[in-house]
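S.K.: Below is a structure I'd like to ask you about.
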Amino acid sequence: MTQLDLVVFGLALPLTVAVVQILKEAAMPTRYAGLAALATGIAAGLLVRLSGIGTGPIALAALTGAVAGLSAAGVWSGTRALRE
């Protein structure tokens, strides 16, 4: 059984939150934030893995990035719901 790389996850999550926030401030429609978080998470996961920080197969880094991206979207929407 293969496990997600927590190093990749730990680095991809804040990168994803930051990039999506920058995109939203640059006039990206909010309805695309989830898709942008997913794509950014995958890219961040691959970037972290290819930089030599993470371990394991590339596909696992992409999956870990996707989970981080979806988590980032959930963190953002949960925080927004608490503020309202």
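Where a number appears in this text, it was derived from the coordinates with a stated rule and is not lab data. Model, not experiment: these values are computed from the prediction. Neighbour counts run over all protein chains shown; Cβ positions are idealised from the backbone, glycine included.
S.K.: Which entry in [x] 44; [y] 47; [z] 56 matches percent of Cα pairs over 16 Å apart derived from the coordinates of this structure?
M.R.: Looking at percent of Cα pairs over 16 Å apart for this model, the match is [y].
S.K.: Return the long-range amide H neighbours of G54 (sequence gap of 5 or more, or a different chain), with a cut-off of under 5 Å between placed amide H atoms.
M.R.: For G54, whose amide H was placed from the backbone, the distant partners under 5 Å are R49.
S.K.: Before rounding to the nearest 500, sum -39500 (n - 2.57) across all DSSP H runs of length at least 4 in the chain and divide by the residue total; then give [θ] at 222 nm in deg cm²/dmol.
M.R.: Counting only the DSSP helices, I get -26500 deg cm²/dmol.
S.K.: What is the dipole size for the chain, taken about its Cα centre, with +1 at each Lys and Arg Cβ and -1 at each Asp and Glu Cβ, in debye to the nearest 20?
M.R.: 140
S.K.: When only C-alpha pairs under 8 Å and at least 6 residues apart count, what is the relative contact order of the chain, in percent? It would help to have the intermediate numbers written out before the result.
M.R.: Numbers: 112 pairs, mean separation 34.3, N = 84.
This gives 41 percent for the chain.
S.K.: What is the distance, in nm, between label points placed 7 Å from the Cα along the Cα-to-Cβ direction at A27 and at S77?
M.R.: 2.7
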